[in-house]
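Notes to accompany the following structure.
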Amino acid sequence: MGLKESKKFKIAFIAGTRPEIIKTAPVYFAVTHQPDLQPVFINTGQHREMSHMFLDLFNIIPDYDLNLMKPGQSLCSLTAAILQELEVILQKEKPDWVLVQGDTTSAFCGALSAFYQKITIGHIEAGLRTRDIYSPFPEEMNRILVGRLSAYHYAPTQKAKNNLLSEGISPDKIIITGNSVVDALHWIQAQDKKLSSSDINRLLSSNPNPRIVLITAHRRENWEGGIANVAKAVNHLAKRFPDIIFIFSVHPNPIVKEQVYAILSSQTNVLLHNPLDYFDFIKVLSKSLVAISDSGGVQEEAPSLGVPVIITRSITERPEILETGMGYLAGTDPETIINLAIEILRQEKTRKAQSIFGDGFASQRIVQSILFSLGKMQKRPDEFLY
Ligand code: UDP
């Protein structure tokens with residue numbers, strides 16, 4: 001039987017936000033290189049414009065592109081809309097497996113709709129937990145629910161695996177793969193590409209050693225006060241350190257944008273920027289003295305680049321960053337953020353890049369693990385060990 005006639009094993013990827021696309025892309029490409037596997041990419045469009053920006057960057061042409069986001073949409077209406085659309089697609093495509101990543105509403109809906117069709121589910125970045133269902137909200141509950149629905153769990157670290165074991169998941173269904181964000185990070189760093197942002201280009205070409213602090217803020221639990229507090233702290237730091245450029249990648253959500261612009265738009269050494277593409281963002285992050293962020297992905301990428309992070313959250317599901325001294329849990333009290341930043345900026349010590357969250361081979365381990373589960377590989381891949 002020729003390759004064309006042989007039955008390929010169909011894997012549907014369901015993703016729709018910026019972090020999911022970044023972390024799913026390496027796995028998607030690893031699947032495309034396997035002759036026995038056939039990928040189908042379903043973009044929920046949960047982050048409408050940003051999902052296209054990132055799909056284009058990774059040259060992924062989605063097989064399905066849902067257009068269901070509405071301004072100010074509630075979680076209930078988003079959940080209902082994604083579930084309805086996915087039902088039709090999954091019934092038509094009949095994938096053998098569905099892979100979802102992380103903890104978004106898209107990931108939860110992807111897993112739930114696959115479960116309703118009795119399709120096997122694999123979870124990329126499984127086992128992260130804060131043990132507080134309201135922080136991050138709704139992501140902590142999303143990841144718990146995806147964990148319950150999944151048959152296979154691709155845990156990034158030993159701690160994530162331990163969380164799953166403590167919830168009664170069988171060890172033979174869990175494998176420590178590292179986080180595929182490190183695969184994406186290595187890929188983007190290897191690209192020979194020009195910076196997309198003219199502002200960033202101007203900044204980096206005018207000074208080979210710019211002093212930069214990078215800021216991101218988007219978490220729902222920080223919408224009421226937390227984001228304004230972060231902006232106030234940045235305002236204070238910008239006045240105190242006039243030789244430092246504070247680059248704030250402002251999330252497009254109007255609730256975030258309004259608060260940040262209201263506080264920071266007149267400060268001359270603060271650059272308020274629309275979301276940067278991944279290449280530009282990683283370039284800036286790699287040159288930063290410190291990042292101030294509530295992002296999960298930034299907590300994973302920064303240690304790989306030797307950049308410390310002030311985490312503007314009360315809790316993190318990535319405790320490894322605290323233990324290795326690459327991250328500081330600050331909450332959103334401006335004074336705490338300011339004091340931590342001053343301390344880090346004063347020390348300005350060179351930090352060693354640390355592969356706490358992965359070695360760049362997570363996607364390879366995930367695909368080998370899928371082939372092993374299908375009986376197409378004799379041996380389970382070795383786990384990622386930090
Ligand atoms: N990111 C980016 N451009 C930006 C801000 C973030 O490419 O302007 C990337 C970042 O490198 C990380 C991911 O987006 O990989 C994080 O996304 P986000 O903070 O929205 O989600 P989280 O990681 O908190 O789930």
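The values are calculated or read from the model by the stated rules, or taken from the named source; none is laboratory data. These numbers were taken from a predicted model, which means no experiment stands behind them. Neighbour counts are summed over all protein chains in view; Cβ atoms, including those assigned to glycine, are modelled from backbone coordinates with ideal geometry. In case anyone asks, the SASA skips ligands and DNA or RNA and just uses the protein heavy atoms, side chains included. Shrake-Rupley method; radii C 1.70, N 1.55, O 1.52, S 1.80 Å.
Summary table below
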read-out: Residues of segment 266-280 satisfying the condition of being free of Cβ contacts under 8 Å to residues at least 60 places away in the same chain and not small (Gly, Ala, Ser); value: Gln267, Thr268, Asn269, Val270, Leu272, Asn274
read-out: Selection from segment 223-244 of residues that are among the hydrophobic types (A, V, I, L, M, F, W, C), at pLDDT 95 or above and open to solvent by 10 Å² or more (accessible area, probe 1.4 Å); value: Ala228, Phe241
read-out: Segment 295-324, subset touching a Phe, Trp or Tyr at 6+ places or on another chain (Cβ under 8 Å) and away from the ligand (no atom under 14 Å from the Cβ), residue farthest from Asp132 (Cα to Cα); value: Pro308
read-out: Filter result for Lys257 (basic (Lys, Arg), within 12 Å of the ligand (Cβ to nearest atom), at pLDDT 95 or above and not in a strand (DSSP E or B)); value: no
read-out: Residue satisfying all of: in segment 15-68; of a type in the set (Asp, Glu) and within 16 Å of the ligand (Cβ to nearest atom); nearest to Arg219 (Cα to Cα) among these; value: Glu20
read-out: In segment 126-138, residue nearest to the ligand (Cβ to nearest atom) [restricted to those that are closer than 10 Å to Glu317 by Cβ and either touching a residue at least 60 places away in the same chain (Cβ under 8 Å) or surrounded by fewer than 18 Cβ atoms within 10 Å (Cβ to Cβ) (or both)]; value: Pro136
read-out: Residue that is touching a Leu at 6+ places or on another chain (Cβ under 7 Å), assigned to a strand (DSSP E or B) and touching a residue at least 60 places away in the same chain (Cβ under 8 Å), where the choices are Gly122, Gly110; value: Gly122
read-out: Top-ranked residue of segment 196-208 - restricted to ones that are assigned to a loop (DSSP other than H, G, I, E, B) and touching a residue at least 60 places away in the same chain (Cβ under 8 Å), ranked as surrounded by the fewest Cβ atoms within 10 Å (Cβ to Cβ); value: Ser196
read-out: In segment 29-42, the residues that are under 20 Å from the mean Cα position of the chain (by Cα) and crowded, with 20+ Cβ neighbours inside 10 Å; value: Ala30, Val31, Phe41, Ile42
read-out: Hey, Lys193 over 15 Å from Ser363 (Cβ atoms), modelled with pLDDT under 95 and surrounded by fewer than 19 Cβ atoms within 10 Å (Cβ to Cβ) or not; value: yes
read-out: Subset of segment 354-386 that is of a type in the set (Asp, Glu) and in contact (Cβ under 8 Å) with a residue 60 or more places away in the chain - its residue that is surrounded by the fewest Cβ atoms within 10 Å (Cβ to Cβ); value: Glu383
read-out: Qualifying residues in segment 276-314 (those that are outside any helix (DSSP H, G or I) and among the acidic types (Asp, Glu)) - the one nearest to the chain's Cα centre (by Cα); value: Asp294
read-out: Leu90 being open to solvent by 10 Å² or more (accessible area, probe 1.4 Å) and in contact (Cβ under 8 Å) with a residue 60 or more places away in the chain; value: no
read-out: Residue list for segment 153-168, restricted to those being over 16 Å from Glu320 (Cα atoms) and either surrounded by fewer than 21 Cβ atoms within 10 Å (Cβ to Cβ) or polar (S, T, N, Q) (or both); value: Leu165, Ser166, Glu167, Gly168
read-out: Among the candidates Ile82, Ile60, Ile89, residue that is assigned to a loop (DSSP other than H, G, I, E, B) and aliphatic (A, V, I, L, M); value: Ile60
read-out: Residue identified as part of a helix (DSSP H, G or I), closer than 27 Å to Glu140 by Cα and away from the ligand (no atom under 16 Å from the Cβ) among Ala238, Ala228, Ala262; value: Ala228
read-out: Which numbered condition Asp103 misses (of (1) in a loop (DSSP other than H, G, I, E, B); (2) more than 28 Å from Arg313 (Cβ to Cβ)); value: (2)
read-out: Test set (1) more than 28 Å from Pro156 (Cα to Cα); (2) part of a helix (DSSP H, G or I); (3) among the hydrophobic types (A, V, I, L, M, F, W, C); (4) open to solvent by less than 10 Å² (accessible area, probe 1.4 Å) - Ile247 fails condition number; value: (2)
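Matching residues to (1) within 28 Å of Arg143 (Cα to Cα); (2) touching a Lys or Arg at 6+ places or on another chain (Cβ under 9 Å); (3) not polar (S, T, N, Q):
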position: Leu271; (1), (2), (3): no, no, yes
position: Pro275; (1), (2), (3): yes, yes, yes
position: Ile282; (1), (2), (3): yes, no, yes
position: Leu285; (1), (2), (3): yes, no, yes
position: Gly297; (1), (2), (3): yes, yes, yes
position: Val307; (1), (2), (3): yes, yes, yes
position: Ser314; (1), (2), (3): yes, no, no
position: Met326; (1), (2), (3): yes, yes, yes
